[in-house]
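Reviewing the structure listed below.
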Amino acid sequence: MQKTIIQFDDIDKYGPQSYHGSFSVETHELGREEIENIGEVTVDVEASQGDLPGEYVVEGIVAYIADLRCSRCVEPFPFANRSHFHLRYRPRAESSAAEIQDVEISQEELDMEFYDERSIPLRQMAIEQIQLSIPMKPLCDDGCLGLCPRCGANLAREQCACDTSITDDRWNALRGIREELARKREQ
Ligand SMILES: [Zn+2]
Ligand SMILES: [Zn+2]
């Protein structure tokens, strides 16, 4: 049986709870136009009380396979993702005053969410985590050549007849730097 809504009351009553869900998600729900298709999304979380009163901690994994559009050549490519996430929920009403005093936001507090309702749908949590896991500029390959600036040909698949000798020189220099970086990373 799937438990797909995190209930803070259950955690108070029975201790830490695990939840599992698999959902189908529509691309328009994700609000990222780079996503062409997305398969079934699975989410597994453990939820427990946090250190502060009213605070809950959620530790989880979201996994999916999608087709993203490359930001350089505009071709779709498969993207498999499995992201681990850690969230802390605090009640909204009590937090607002405290937040104003909290001028310094530590790295830890970036994973903080504020709740009004004492139940959190797993599906909504999964959608937020998918949005966070999609790269800002998806690339089919780090070395994707993109489109020819003159004729629009996809240079990863074909060579066009445009005269790009000047940009070729620049590109070669850039490629030299890239290859060097890749070598360093491998060492
Ligand atoms: Zn590409
Ligand atoms: Zn061209």
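Each reported figure results from applying straightforward, stated rules to the coordinates on display, with no laboratory input. Note that the coordinates shown come from a computational prediction; the quantities given were computed from them, not determined experimentally. All Cβ positions, glycine included, derive from the backbone under ideal geometry; neighbour counts span all protein chains shown.
Some observations on this one:
- Length available on full extension from S48 to R118: 0.36 nm per residue minus the Cα-Cα distance, which gives 23.9 nm.
- The modelled label-to-label distance for the pair L174/I5, using points 7 Å beyond Cα in the direction of Cβ, is 5.1 nm.
- Rg and Dmax, both from the Cα atoms of region 1-54 and both in Å, are 15.2, 43.
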